[in-house]
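> Let me begin by handing over the structure; questions about it come next.
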Amino acid sequence: MTRPFVVCGPGTGLLFKAGPASRVYTREMEAKMAVRILVGAAWGDEGKGKIVDFLSEQADIVVRFQGGANAGHTVQIGEQEYILHLIPVGILRPDKTCVIGNGTVIDPEALMEEIEMLGSHGIDVEGRLFISHNAHLIMPYHKLIDRVGEEQRQEEERIGTTGRGIGPAYADKAARKGIRIVDLHDHGVLKEKLQRNIEEANRILDAIYQAEAFDADRIIEEYLAFARQIGPYVINTSEYLNDAIDDGKEILFEGSQGTLLDVDHGTYPYVTSSNTTTGAACMGAGVGPTRIDEVIGVAKAYTTRVGNGPFPTEFPSRWGDEFRRMAGEFGATTGRPRRCGWFDAMVVRYAVMVNGIDSLALARLDTLDSLQTLRLCVGYRLNGDVIPHLPNDANVLARCEPVYEEMEGWDRPTGHIRTWSELPVKARAYIERVAELVKTDVKIISVGSHRDATIFL
Ligand code: IMP
């Protein structure tokens, strides 16, 4: 089987590649073949960075398939903390290849900053970072429209976006006027599209937001420079990934944000502008659903949320402030304080359903070490009745009252523990109850930010 993959014509400055000429399947290959999707099971910030880093040891290729630099995936290696916004966490392991798929929206400025940051730590991405030619670009006007749009909304109508231009970039994509990575290779097309989009953005900025206009020539120059920098990374990533799967490579899809931030399945309109759930991995990477072997969900042992929108198990503000300080719950991308609350089994069970989650990674168990009593939300009361499912309509969810079950805390440090049997009995009981409530096995438990602070069941 020959599958050449060609992104753009020769002489464009973009990578021009041919796929392997033939493939011979072996039993070993088949046995090893594993394509996994990892998604957040709540409102993002579930600790996916650490879990992806842990699982990427086994993987050959790690793939981002949606979102953009709104994500903040944190990994602690030794004394060094890395926060990655766009490039998959797998890049931190020198033998891994990383892909930024077509479903993402790429801010070239943020991308180049991230490549530079990695370079300053001696991490070279060349030859092992590939970007889809079909991914859309975030432009400076997307970021401005995002920010002024938020500022000019009434307080109670604000989404609380990260200000990274995500919504406006996906809006242009859906309106079929977005600028894609592939457009960077044809300077004539790029200039024409940019000119048209900047003129339109300037009209919107002036008429609706009374904001300053962009200088089209300056942006064109800037993006032509990005075109030269990004060129070597661009390939047809769908072909690349499908060939890799045929070759028996292990692939890990790194979801960003979380299920409840999904534009369809989340608490709309308090969501991000991409699909963050499992199906998006197929769409956002050009890989068919029959090629996926396993879905892993990540949830914290409690719940957090940044930005606005309903959050039934949120702690009352004073206790929430105390917990946040103790847990260090501040956004990795914006530094904003995260809202904190009890574990919500309604949310995670819903995530298990819409993602088809096979097993759960439970993060930050150690953060609960010092609590005397823990609460688990086991249901919602709406208009006096206990309801069986999570309503993802934000207005209805805002009226739901959590029904709690209390458990005794274990009141002992767990950060040093590496096996299930060493965990305090009460911690095990808590995890077992979580698994029972969300109807999924817990297979990974994280008890600290370092790579080795992980219990694998
Ligand atoms: P946007 O993605 O910047 O448009 O923000 C929309 C909503 O998603 C806001 O509530 C953000 O706080 C939230 N959000 C976006 N990215 C993340 C993330 O990586 N973690 C947690 N929340 C996020």
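FYI, it's all coordinate maths here, none of it is from the lab. Quantities reported herein were computed from a predicted structural model and do not represent experimental measurements. Ideal geometry is used to build each Cβ from the backbone, glycine not excepted, and the neighbour counts take in all protein chains shown.
> Explain nothing, just compute: Karplus ³J(HN,Hα) = 6.51 cos²θ - 1.76 cosθ + 1.60, θ = phi - 60°, for every residue of the range 365-373 in order, whole Hz, x for Gly and Pro.
The phi angles translate into 4, 4, 5, 8, 3, 9, 7, 6, 10 Hz.
> Per residue of the range 431-441, in order, report the coupling 6.51 cos²θ - 1.76 cosθ + 1.60 (Karplus, θ = phi - 60°) as ³J(HN,Hα) in whole Hz, putting x for Gly and Pro.
5, 5, 5, 4, 4, 5, 5, 9, 6, 8, 6
> What is the sum of charges, Lys and Arg at +1 and Asp and Glu at -1, for the other residues whose Cβ falls under 9 Å from the Cβ of Q372?
Residues near Q372 contribute -2 overall.
> If you stretched the chain out fully between D452 and Q154, how much longer would it get, using 0.36 nm times the residue separation minus the C-alpha to C-alpha distance?
Separation in residues times 0.36 nm, less the Cα-Cα distance, equals 102.7 nm.
> Rounded, prolate or oblate: which fits the range 214-299 when a ≥ b ≥ c are the square roots of the eigenvalues of the alpha-carbon gyration tensor, with rounded for a/c under 1.5 and prolate only if a/b beats b/c?
Judged from the Cα gyration tensor, the range 214-299 comes out oblate (a/c at least 1.5, b/c at or above a/b).
> If you don't mind, there's one more thing I want to ask. Please work out the FRET efficiency for the pair I208 and R176, using the Cβ-Cβ distance as r and a Förster radius of 30 Å; give the result to the nearest 0.05.
0.90
> To continue, here is another question. Once you order the gyration tensor axes a ≥ b ≥ c over the Cα atoms, which shape class does the range 115-273 get: rounded for a/c under 1.5, otherwise prolate or oblate by comparing a/b with b/c?
Since a/c reaches 1.5 but b/c is at least a/b, the shape of the range 115-273 is classed as oblate.
> Here's another thing I want to ask about it. Pick out, from G78, A41, G331, the residue whose Cα sits farthest towards the positive end of the charge dipole of the chain, with +1 on the Cβ of Lys and Arg and -1 on the Cβ of Asp and Glu.
Working it through, the farthest residue towards the positive pole turns out to be A41.
> In whole Hz, with x marking every Gly and Pro, tabulate ³J(HN,Hα) for the range 349-362 from phi via Karplus 6.51 cos²θ - 1.76 cosθ + 1.60, θ = phi - 60°.
5, 4, 4, 4, 5, 6, 9, x, 5, 8, 8, 10, 9, 9
> 7 Å from Cα along Cα→Cβ at both Q80 and E322: what's the point-to-point distance in nm?
It is 3.9 nm.
> Of L376, I219, V271, which is farthest towards the positive pole of the chain's charge dipole, taken about the Cα centre with +1 and -1 on the beta-carbons of Lys, Arg and Asp, Glu respectively?
Value computed over the given set: L376.
> Can you bin the range 215-359 into rounded, prolate or oblate? Criterion: square roots of the alpha carbon gyration tensor eigenvalues sorted a ≥ b ≥ c, rounded for a/c under 1.5, prolate for a/b above b/c, oblate for the rest. All intermediate terms of the calculation are to be shown ahead of the outcome.
Values: a/c = 2.43, a/b = 1.34, b/c = 1.82.
Oblate, because a/c is 1.5 or more while a/b does not exceed b/c.
> Another one. Just grab the label-to-label distance for M117 and I387, each label 7 Å out from Cα along the Cβ direction, in nm (one decimal).
3.9
> With +1 on the Cβ of every Lys and Arg and -1 on the Cβ of every Asp and Glu, and nothing else charged, how large is the dipole of the chain about its Cα centre, in debye rounded to the nearest 20?
The calculation lands at about 520 debye.
> From the helices alone, meaning DSSP H stretches of at least four residues, give me the mean residue ellipticity at 222 nm for the chain, per-run term -39500 (n - 2.57), in deg cm²/dmol to the nearest 500.
One gets -9000 deg cm²/dmol as the mean residue ellipticity at 222 nm.
> At a threshold of 8 angstrom on Cα-Cα distance, excluding pairs fewer than six apart, so keeping six or more, what relative contact order does the range 228-303 reach in percent? It would help to have the intermediate numbers written out before the result.
Details: 55 pairs, mean separation 18.5, N = 76.
That works out to 24 percent.
> Roughly what % of DSSP beta bridges within the chain run antiparallel, to the nearest 5?
Working: 25 of 62 bridges.
Of those bridges, close to 40 percent are antiparallel.
> Based on the Cβ-Cβ distance from Q229 to Q372, what FRET efficiency comes out when R0 is 45 Å, to the nearest 0.05?
According to the calculation, E is roughly 0.25.
> Over the chain, what is the mean sequence separation of C-alpha contacts under 8 Å (at least six apart), divided by residue count, expressed as relative contact order in percent?
Numbers: 1016 pairs, mean separation 90.9, N = 457.
About 20 percent, as a whole number.
> Given the options P391, I87, V62, identify the residue whose Cα lies farthest towards the positive end of the charge dipole of the chain (+1 on Cβ of Lys, Arg; -1 on Cβ of Asp, Glu).
P391
> Using Cα pairs closer than 8 Å and at least 6 residues apart in sequence, work out the relative contact order for the range 341-457, in percent.
Value for the range 341-457: 34 percent.
> Using alpha-carbon positions, what is the distance between the centroids of the range 384-457 and the range 294-342, in Å?
So the two Cα centres are separated by 14 Å.
> Counting Lys and Arg as +1 and Asp and Glu as -1, what is the net charge of the other residues whose Cβ lies under 14 Å from the Cβ of D124?
Charge balance in the 14 Å sphere: -1.
> Per 20 Å bin from zero, what fraction in whole % of the C-alpha pairs of the chain is there, up to the bin with the longest pair?
25, 55, 19, 0
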